1. Please give every one of the lysines within straight-line cross-link reach of Lys101, meaning a C-alpha to C-alpha distance under 19 Å, and leave out same-chain neighbours fewer than 8 residues apart.
2. Hey, how many Å between the Cα centroid of the range 176-228 and the Cα centroid of the range 318-333?
3. Pull up all non-local amide H partners of Leu4: gap of 5 or more, or a different chain, and H-to-H distance under 5 Å with H placed in the peptide plane.
4. Taking the Cα centre of the chain as origin and charging only Cβ (+1 Lys, Arg; -1 Asp, Glu), how large is the dipole, in debye to the nearest 20?
5. Please report the net charge: other residues with Cβ closer than 11 Å to the Cβ of Lys305, K and R +1, D and E -1.
6. Ignoring everything except DSSP H segments at least 4 long, calculate the 222 nm mean residue ellipticity for the chain; use -39,500 (n - 2.57) per segment, divide by total residues, nearest 500.
7. So for the chain, taking the charge dipole from beta-carbon charges (+1 Lys/Arg, -1 Asp/Glu), which of Asn227, Thr109, Ala244 sits furthest toward the positive end?
8. Over the chain, what is the relative contact order in percent, taking alpha-carbon pairs closer than 8 angstrom and at least six residues apart?
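Values quoted throughout were computed directly from the atomic coordinates according to the rules given, and no laboratory measurement underlies them. Keep in mind it's a predicted model, so treat the numbers as computed, not measured. Methodologically, a virtual Cβ is constructed for each residue, glycine included, from the backbone with ideal geometry; neighbour enumeration extends over all protein chains shown.
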Amino acid sequence: MAVLEGVNLKKYYGKVHALDDVSFAIEGNELLAVIGPSGSGKTTLLRSIAGFVKLDGGRIFLHGEDITDLAPEKRNVAMFFQNYALWPHMTVFENIAYGLKLRKIDKKTIKEKVEWALEFLGLEGLADRKPSQLSGGQQQRVALARAIVVEPKVLLLDEPLSNLDAKIRLRIRFELKALQQKLGIPTLYVTHDQEEALSIADRVIVMHEGKILQSGTPEEIYRNPRNLFVADFVGMNTIVKVPAENGLVKVGNITKRIENEQKTASVVIRADEVNIVDATADVSTKEGDLVLIGVIKDRLYLGSKYRYEVEVEDINEPLFVNHEVDVAPGKKVKMIVPEGSYFIF
């Protein structure tokens, strides 16, 4: 039985379908990440599970119990808000204890639980401080402590790392995943950052315009996208349009049959997975590898690699690829894209 399950969830705001027949399930103690652009329905999904959004259709089950119509405080789920939502007039201790007091837990137990959370998250010595006296990372930990101290059956995280600096986010990803595994709490993790989701999730859901377009492991989502939107949204990509005729698409050395009779097709190429060599180089390729010939038009230095703008033979728009080798503009090059690093839709 799924720990948390949503069945045919619907939420409408006028003509906007924020949730359009959405179904999902969290199994065991897994971390399920929900990704998608702004307006895709991610936060609406999270808030409907927490009880802050009233659904127009569908049911939500927690350990088999229908919680769709329960008040937020009766659902035994904890939500971590993007802005942390800490009470500015309360101390760290009081902020963490707030949910326990709402549940009318006795003072002795509250003190024990809060002290455990402070130690567990490395917040010892900060119990008497106000949120304004904390760093962004410390505020994040306090908000997380407040969420886990009530021992929820499910943890809901809404963009938990978005307010942190880039370097801190990279470090906190590892800590957050380790913490989730240590706690053993099933977690629904909403983020617009697909790299973040791929790095810490057990499974990933991709949403767009209120619908789930694909669900699977990070590897499945990245290597086997079902459609153009998923292929483009996940990963560092470049897309070019190529002509299609009688259901056939030819790009470089590859000819592929597509399902419909569209006049153009989109080729999605993982920009970081392209090998660039001299156009005259004799390089062995595998069956299914895409080989393109082009001329370097311009480049940007990114630190560990360069980003190249390439004018490709038989393609009417530039291709942007990343590579660590320094190639001068004007150079004719051969680009080898391994099978599984490009997709044609």
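1. Lys74, Lys111, Lys113, Lys130, Lys153
2. Using only Cα atoms, the two centres lie 32 Å from each other.
3. Ile26, His63
4. Numbers: 45 positive and 48 negative charges, 240 e Å.
Rounded to the nearest 20 debye, it is 1160 debye.
5. Values: positive: Arg299, Arg307; negative: Asp272, Glu324, Asp326.
With Lys, Arg at +1 and Asp, Glu at -1, the neighbours total -1.
6. On the way: 8 runs with 84 residues, N = 345.
-7500 deg cm²/dmol, from helical runs alone.
7. Final value for the positive-end residue is Thr109.
8. Working: 709 pairs, mean separation 56.2, N = 345.
Worked out over the chain, it gives 16 percent.
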